[in-house]
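Only one structure is covered here, and it is reproduced in the block below.
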Amino acid sequence: MAKYSVFSLVRNALSYHENWQRAWRSPDPKPEYDILVIGGGGHGLATAHYLAKEHGINNVAVIEKGWLGGGNTARNTTIVRSNYLWDESAAIYEHSLKLWEGLSQDLNFNVMFSQRGVMNLAHNLHDWRELNRRVHAIRLNGVDSEILSAAQVKAEAPILNVSPDSRYPIIGASMQRRGGTARHDAVAWGYARAADQRGVDIIQNCEVTGFVINNGRVEGVETTRGPIKAKRVGVAVAGHSSVLADMAGFRMPVESNPLQALVSDPIKPVLDCVVMSSAVHVYISQSDRGEFVIGAGSDLHVSYSQRGSFEIIEGIMGALCELVPMVSRMKMMRQWGGVVDVTPDRSPIVGKTPVEGLFINCGWGTGGFKGTPGSGHAFAATLAAGEPNDMAGPFSLDRFRTGFLIDEAGAAAVAH
Amino acid sequence: MFLIDCPYCGPRQQTEFHCHGEAHIARPKDPDAISDVEWADYLFNRSNTKGVFYERWVHNHGCRRWFNLARDTVSDRILAVYRMGEKPPRVKK
């Protein structure tokens with residue numbers, strides 16, 4: 001497959017850009033694969049890429065019931081950061097951030113990763129103390145994080161209302177300067193193209209309807225395009241994890257909730273970092289096209305509808321008008337929802353299932369996008385070896401039995 | 001936004017209510033007698049059904065009473081409302 005470069009751009013310009021190769025093939029499923037990855041979102045495609053690249057396993061297929069990156073990969077607010085509290089989380093999210101930093105080169109695809117900084121606001125004394133504790137804990141884990149005063153917050157993001165009289169006064173903030181945003185579609189496409197280049201079959205419009213399990217061991221899957229055999233199967237289907245687990249005959253500590261986001265009409269650049277506030281459930285950044293990308297909190301009820309409640313939008317817009325008063329005169333162009341898989345401790349599940357040969361990667365909840373490379377990397381190692389690697393180890397499904405939970409509720413319950 | 005028919009107050013908008021997840025999860029009668037696996041199942045595992053789902057709601061900003069809903073989690077259509085202690089009704093999507 002042709003490498004994307006300035007030379008290929010020039011060469012293709014000479015033929016009026018009519019001869020670009022397709023970025024990936026669209027093969028029919030083979031009867032058998034070494035490893036089958038269910039779910040063609042960012043995590044599934046990243047898993048396939050690292051299986052082929054790092055572990056030399058090319059006889060791999062990714063099967064997707066819809067189209068590539070049509071689920072949560074395309075529905076998030078594209079925020080990337082690694083400022084997590086606990087050691088286990090810091091390890092996997094920081095690993096992920098390091099992969100993000102070299103991802104465009106690795107994939108030969110511009111994922112437009114922009115390290116513009118991620119700011120978390122503190123609005124009251126409790127927020128402020130907790131934020132200070134977090135910043136120090138994060139720094140002890142070798143992850144960059146700093147504390148900003150209200151004046152520094154204003155200097156970084158002049159559109160914020162830092163008046164002490166405001167409804168949500170800003171006392172200060174934490175800042176991770178290596179955090180930022182990336183182009184979500186490009187992440188799915190880049191991984192798909194890189195995996196395809198190494199021989200991975202990416203099969204779209206192919207829904208799994210059941211598992212073939214003999215003596216407690218998975219032997220393949222039934223799909224809408226016929227049965228496919230596989231030695232090992234990895235499930236990376238986010239909101240539908242419980243549905244797949246149900247097909248395989250076990251239960252999951254996961255609930256699927258709607259999570260919403262919206263974008264404003266485009267304006268001139270006014271905000272060059274990501275601003276998040278856990279206390280008022282708002283996070284905002286400005287895209288390259290000038291739109292404000294605004295994330296909301298999730299609904300608390302189970303739903304697969306990819307549609308959240310209007311009250312959530314009303315709540316965040318009310319808060320946002322206080323935090324960023326200029327927003328009150330803007331129009332919101334689009335709003336959408338995704339189905340996120342939330343675990344009781346707000347940490348992902350990566351590893352074995354009660355069915356031998358069947359592995360699961362889920363529970364990334366409201367913050368899966370940032371974890372895409374790290375998740376894929378750890379899951380690929382797990383699938384290749386048949387055992388979780390060091391990074392995935394603590395995130396086992398079994399932790400809900402042993403009680404070794406990784407309680408990131410404070411870091412992930414709302415703010416992503 | 002749901003319009004929820006509280007069995008005590010009648011139809012009210014969702015903002016008055018709070019959802020508390022899956023209904024009909026019985027606490028094990030003798031927790032000391034069961035294994036960690038069974039305890040974890042009770043504590044953490046949820047059916048998270050795609051389809052007809054039975055769940056608990058409380059009318060926080062109203063009568064403050066608890067009740068159950070049967071709801072289709074794909075269409076978000078509310079199929080039945082019934083009181084605590086009542087058996088879940090059989091409903092069709």
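Answer yes or no as to whether A:G249 is more than 25 Å from A:H49 (Cα to Cα) and modelled with pLDDT of 95 or more.
yes
Among A:A245, A:A173, which is the only one that is surrounded by 24 or more Cβ atoms within 10 Å (Cβ to Cβ) and within 22 Å of A:V342 (Cβ to Cβ)?
A:A245
What's the number of the condition A:W336 fails, among (1) on the phi < 0 side of the Ramachandran plot; (2) in a strand (DSSP E or B); (3) touching a Pro at 6+ places or on another chain (Cβ under 8 Å)?
Evaluating A:W336 over (1) on the phi < 0 side of the Ramachandran plot; (2) in a strand (DSSP E or B); (3) touching a Pro at 6+ places or on another chain (Cβ under 8 Å) leaves (3) as the failure.
Applying the selection to the stretch A:13-59, what residues are closer than 24 Å to A:E219 by Cα, part of a loop (DSSP other than H, G, I, E, B) and in contact with a strand residue (DSSP E or B) (Cβ under 7 Å, 6 or more places away or on another chain)?
Once the filter is applied, which keeps residues that are closer than 24 Å to A:E219 by Cα, part of a loop (DSSP other than H, G, I, E, B) and in contact with a strand residue (DSSP E or B) (Cβ under 7 Å, 6 or more places away or on another chain), the stretch A:13-59 yields A:P27, A:P29, A:K30, A:P31, A:G39, A:G40, A:I57, A:N59.
Condition first: out of contact with any Pro (no Cβ under 6 Å at 6 or more places or on another chain), of a type outside the set (A, V, I, L, M, F, W, C) and surrounded by fewer than 16 Cβ atoms within 10 Å (Cβ to Cβ). Now tell me which residues in the stretch B:40-74 satisfy that.
Within the stretch B:40-74, B:G51, B:N60, B:H61, B:G62, B:R64, B:R65 qualify.
Could you tell me which numbered condition A:S256 fails, if it satisfies all but one of (1) within 24 Å of A:I312 (Cα to Cα); (2) assigned to a strand (DSSP E or B); (3) open to solvent by 50 Å² or more (accessible area, probe 1.4 Å)?
Evaluating A:S256 over (1) within 24 Å of A:I312 (Cα to Cα); (2) assigned to a strand (DSSP E or B); (3) open to solvent by 50 Å² or more (accessible area, probe 1.4 Å) leaves (3) as the failure.
Where in the stretch A:115-223 are there strands (runs of 3 or more DSSP E), lying wholly inside it, with at least 2 residues that are farther than 30 Å from A:D246 by Cα?
Filter on the stretch A:115-223 gives A:118-122, A:146-149, A:172-176.
Can you tell me which residue is farthest from A:A137 (Cα to Cα) among those in the stretch A:92-101 that are out of contact with any His (no Cβ under 8 Å at 6 or more places or on another chain) and surrounded by fewer than 19 Cβ atoms within 10 Å (Cβ to Cβ)?
Among those residues, the one meeting the criterion is A:E101.
Can you find a residue that is open to solvent by 20 Å² or more (accessible area, probe 1.4 Å) and in a strand (DSSP E or B) anywhere in the stretch A:315-333?
Yes - at least one qualifying residue is present in the stretch A:315-333.
Looking at A:S104, A:S114, A:S26, A:S89, which is the one that is open to solvent by 70 Å² or more (accessible area, probe 1.4 Å), in contact (Cβ under 8 Å) with a residue 40 or more places away in the chain and not charged (D, E, K, R)?
On inspection, the qualifying residue turns out to be A:S26.
What is the one condition in (1) more than 25 Å from the chain's Cα centre (by Cα); (2) over 30 Å from B:I25 (Cα atoms); (3) small (G, A, S) that A:A182 does not satisfy?
With (1) more than 25 Å from the chain's Cα centre (by Cα); (2) over 30 Å from B:I25 (Cα atoms); (3) small (G, A, S) applied to A:A182, the lone miss is (1).
Scan the stretch A:372-395 and tell me whether some residue there is at pLDDT 95 or above, touching an Asp or Glu at 6+ places or on another chain (Cβ under 6 Å) and open to solvent by 10 Å² or more (accessible area, probe 1.4 Å).
yes
Residue by residue, here is whether (1) without any contact (Cβ under 8 Å) to a residue 60 or more places away in the chain; (2) open to solvent by 50 Å² or more (accessible area, probe 1.4 Å); (3) not hydrophobic (A, V, I, L, M, F, W, C) holds:
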| site | (1), (2), (3) |
| --- | --- |
| A:N205 | no, yes, yes |
| A:V208 | no, no, no |
| A:K231 | no, yes, yes |
| A:F250 | no, no, no |
| A:P266 | yes, yes, yes |
| A:M276 | no, no, no |
| A:S285 | no, no, yes |
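Among the residues that make up the stretch A:245-257, is at least one of them more than 12 Å from chain B (Cβ to nearest Cβ) and touching a Phe, Trp or Tyr at 6+ places or on another chain (Cβ under 7 Å)?
Yes, the stretch A:245-257 contains a residue that is more than 12 Å from chain B (Cβ to nearest Cβ) and touching a Phe, Trp or Tyr at 6+ places or on another chain (Cβ under 7 Å).
Could you list all residues from the stretch A:327-341 that are of a type in the set (K, R) and over 10 Å from A:D265 (Cα atoms)?
If the condition is that a residue be of a type in the set (K, R) and over 10 Å from A:D265 (Cα atoms), then A:R329 is the only one that fits.
For residues that are within 17 Å of B:R46 (Cβ to Cβ) and in a loop (DSSP other than H, G, I, E, B), tally how many sit in the stretch A:259-309.
The number of residues fulfilling the criteria is 6.
Find all pairs meeting these conditions: Cβ atoms under 9 angstrom apart; at least six residues apart or on different chains; first residue within the stretch B:31-45 and more than 17 Å from A:S396 (Cβ to Cβ); second residue of a type in the set (A, V, I, L, M, F, W, C) and exposed (fewer than 13 other Cβ atoms within 10 Å of the Cβ).
Cβ pairs passing all conditions: B:Y42/B:A26.
Is there any pair with a first residue in the stretch A:298-323 that is more than 10 Å from chain B (Cβ to nearest Cβ) and a second that is of a type in the set (D, E, K, R) and open to solvent by 30 Å² or more (accessible area, probe 1.4 Å) whose Cβ atoms are under 7 Å apart and which are 6 or more apart or on different chains, and what are they?
Correct list of pairs: A:E322/A:R167.
Scan the stretch A:187-201 and tell me whether some residue there is surrounded by fewer than 21 Cβ atoms within 10 Å (Cβ to Cβ) and touching a Lys or Arg at 6+ places or on another chain (Cβ under 8 Å).
Scanning the stretch A:187-201 turns up at least one residue that is surrounded by fewer than 21 Cβ atoms within 10 Å (Cβ to Cβ) and touching a Lys or Arg at 6+ places or on another chain (Cβ under 8 Å).
May I ask you to verify whether A:D165 is among the acidic types (D, E), without any contact (Cβ under 8 Å) to a residue 24 or more places away in the chain and on the phi < 0 side of the Ramachandran plot?
yes
The values are calculated or read from the model by the stated rules, or taken from the named source; none is laboratory data. Since the structure is predicted, the reported quantities are computational estimates derived from the model, not experimental observations. When we count neighbours, we look across all protein chains shown, and the Cβ atoms used for this are built from the backbone with ideal geometry, even at glycine. Keep in mind that these areas ignore ligands, DNA and RNA; they rest on the heavy atoms of the full protein, side chains included. Shrake-Rupley method; radii C 1.70, N 1.55, O 1.52, S 1.80 Å.
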